[in-house]
Structures are given as structure tokens and as C-alpha cells.
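Each reported figure results from applying straightforward, stated rules to the coordinates on display, with no laboratory input. Just so it is clear, the structure is predicted and the values come from calculations on it, not from any experiment. Neighbour counts run over all protein chains shown; Cβ positions are idealised from the backbone, glycine included.
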């Protein structure tokens, strides 16, 4: 698969404890992205953050450490990102999704 020089970055901000059909939501999003043929996805676990409810989620407080911030990043063309969003929208009851233009320098895999 090749990507054009101009791509788009989809960032989805959710909580680590968020689930969809009994599995972690971030895991479900990554699997859905793969099923839809997106270029790739990365899940990043934050050590601290807050969202719409203004509750601090941090690794410093044991009772909240199971719900740390999660960011799922996906880069592809705008049309593929726009086609993907409706497939995941209803599975995300709380969170934030952003899209920004990015310049792709290279996209390559190792030799099989």
C-alpha cells in the first residue's frame, strides 16, 4: 500500500476502561481500522489527563489508574478516515475525535 504525501491523522481520545462488546474500546477500534483497510493504527496510553467531565485520571492515584487516558492514532487519506468514522461513532459514548492534515514522509513495511 502506498500513501500520498498529504495525509490525515485521526486522533481518538478515550478512557482505558471504556469497552465495546466486552473488549477494550481501543482494541476494537484498532481491529475495525484493520478490517476497513486503513494504513495503520497506534494506541498510546497516557499517564495523566482529563476530559469533558474535568476529572483527573492519573497513574498516581491507585483507584483511577485503571482508567488512564488512551489515544488511538490513525493516518490515512481523508476519504478513508471519513468513511471510517461512521463505523465507530456509535461505539464511542464519551471521548473526542480530531482530524488534522499531516505530511507523510514515508510509509513502508519490512520485506516479507
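Observations on the model:
- Relative contact order (percent, whole number), the chain, Cα cutoff 8 Å, 6+ residue spacing: 44
- Rounded to 0.05, the FRET efficiency of the residue 21 and residue 111 pair, given R0 = 35 Å and the Cβ-Cβ distance, is 0.45.
- Where only DSSP H runs of four or more residues are counted, the chain gives -6500 deg cm²/dmol as its mean residue ellipticity at 222 nm, each run worth -39500 (n - 2.57).
- Highest mean first, the peptides 48-58, 13-23 sorted by other C-beta atoms within 10 Å per residue fall in the order 13-23, 48-58.
- Mean Cβ count within 10 Å, highest first, over the residues of peptides 67-73, 105-111: 67-73, 105-111
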